[in-house]
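A short write-up of the structure that comes next.
What follows is calculated from the coordinates using simple rules that are stated; it is not laboratory data. Bear in mind that the values here come from a model prediction, so they are computed numbers and not experimental data. All Cβ positions, even for glycine, are placed from backbone atoms using ideal geometry, and neighbour counts span all protein chains on display.
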Amino acid sequence: MRVIRAAVDEMWSMVGQMTSAVFRHGLPLTDKIAARTALTNFVLHIHPVRVRRSWIRMSYTLCLGGLSFFLFIVLTVTGLYLMFYYVPSINHAYQDMRDLQFVVTFGGLIRNMHRWAAHAMVITVWLHMARVFLTGAYKKPREFNWGIGTVLLLVTLLLSFTGYLLPWDQLSIWAVTVGTNMAKYAPIAGPYTRYLMLGGHAVGDATLLRFYVMHVVGLPLVGFLLMVVHFWRVRKDGFSGGL
Amino acid sequence: MATEATDRIAARQRVEARRRQMEAPTTVRDDSEDEMIVSFPEFIFKEFIASVAMTVFLILVSIFLQAPLLGQANPGVTPNPSKAPWYFLGLQELLSRFPPLMAGVAFPTFVIVLMILVPFLDRNPSRRPSERKVAIILFGLYMAIVVALVIIGTFFRGHEFIWDWGWVLGNPQTCGGRSC
Ligand code: HEM
């Protein structure tokens, strides 16, 4: 009996050690513990340790920047799942989409989530921009972060647009044909730009591969790096909170 | 460690206070007297709630709304009308009205450059809505035009991208056999 009790105790202390190895600070019962948690926890370190209550009113940011970032994460996770089943070639892409929709476990749900989250992100980023404008938060010293934000808006639109082609159905190739046709009107560079985007004169296998590579690697990487700078500047410029 | 952090926080506050004095437009409410709180757990908790709400919303929408998947791409059959994704429909709408060089190239470039320059063009130091009427009206107009163009492109453009009252009259136009 004593042996069993000792073994159970030992196991408990092992579990305790595991928990404290991951979460170093326990419950935030005092401000000091809470501050130290925020300072030394990786997930939390992008946040300021202390904030003024007026900065974090939801009625001020409407959470829109944060939600844009969260949607970006949702898109990354659901996108990874889709990548397991999707081959970017005109012989496979469409059938892969149908399989995702009808055969793959949770395929339809994940595809829908990816799709609707993409639309939602375009909307939240627009609204975030509107919030920043209406509160005048782009004014000195945040001019540069507004500029980065503008580029982030473009990256968001391009991410959505490159993703649009991938299902390889009638909707996607013709939307992309119309979209890339707009590029060809630029003087001199126009036709070349279009050729570069399509990898040919019409939307085809080369286009699908190009859009895929940009959609899953190029643009997310650019977007992620810009977000890192964006968040860094939000911290360093000081949050504008409160009118 | 803790003292080092406190020192750093104190130094940061001094710098911030000085910057606020030097740079802040005089019309902005001075928030240096506002209550300071530790961001964990209150702030983090707010973000957590927002994320959970968004996730639940997305899952619910995704259960009930199927993402579109039409027939396989066929370069030989052009659906009529062919439309860009909705967030580019404003551009497509402009293209249908103005010369392509203007609508497809000059105009978007102009808008993007203008947007990046906004903080420098707006010489008004105030951030109070009541003191920025012009800026807010201009921005409101910009947003209203963008939204209007997207709505027109989505719902009021039918065959050959010609104006179509179908949505209002009860026979929405189709894009390859599905409502657009
Ligand atoms: C992928 C897109 C974007 C993400 C993920 C993002 C994220 C964020 C976050 C999390 C904040 C903190 C405050 C808040 O939540 O409102 C913020 C602040 C800010 N954002 Fe963005 N943003 C994006 C796009 C933009 C765009 C399009 C603009 C403007 C053109 C912009 C301009 C700013 C500025 C100036 C601030 C500082 C605001 C302040 O201090 O009040 N951002 N952003």
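Annotations
- Residue count for segment B:75-117 under the criterion of being closer than 27 Å to A:Leu208 by Cβ, of a type in the set (A, V, I, L, M, F, W, C) and loosely packed, with under 14 Cβ neighbours inside 10 Å: the result is 1.
- Taken over segment B:32-54, the criterion of being at the interface with chain A (Cβ under 7 Å from one of its Cβ atoms) and either over 30 Å from A:Thr30 (Cα atoms) or assigned to a helix (DSSP H, G or I) (or both) is satisfied by B:Ser39, B:Phe40, B:Pro41, B:Phe43, B:Ile44, B:Lys46, B:Glu47, B:Ala50, B:Ser51, B:Met54.
- A:Ser59 being farther than 12 Å from B:Phe40 by Cα, within 14 Å of chain B (Cβ to nearest Cβ) and out of contact with any helix residue (DSSP H, G or I) (no Cβ under 9 Å at 6 or more places or on another chain): yes
- Unmet requirement for A:Pro28, which otherwise passes all of (1) free of Cβ contacts under 8 Å to residues at least 60 places away in the same chain; (2) more than 16 Å from the ligand (Cβ to nearest atom); (3) closer than 30 Å to A:Leu109 by Cβ; (4) within 9 Å of another protein chain (Cβ to nearest Cβ): (3)
- Any hit, segment B:64-82, residues being under 17 Å from A:Gly179 (Cβ atoms) and among the small types (Gly, Ala, Ser): yes
- Scanning segment A:112-133 for residues that are more than 8 Å from the ligand (Cβ to nearest atom) and either of a type in the set (A, V, I, L, M) or in a loop (DSSP other than H, G, I, E, B) (or both) yields A:Met113, A:Ala117, A:Ala118, A:Ala120, A:Val122, A:Ile123, A:Leu127, A:Ala130.
- Contact map, segment A:134-158: first residue within 7 Å of chain B (Cβ to nearest Cβ) and within 8 Å of the ligand (Cβ to nearest atom), second residue acidic (Asp, Glu) and part of a loop (DSSP other than H, G, I, E, B), Cβ cut-off under 8 Å, separation 6 or more or different chains; pairs are A:Tyr138/B:Asp122.
- Some residue of segment A:76-88 being within 16 Å of the ligand (Cβ to nearest atom), more than 18 Å from B:Gln72 (Cβ to Cβ) and either away from every other protein chain (no Cβ under 12 Å) or buried (at least 16 other Cβ atoms within 10 Å of the Cβ) (or both): yes
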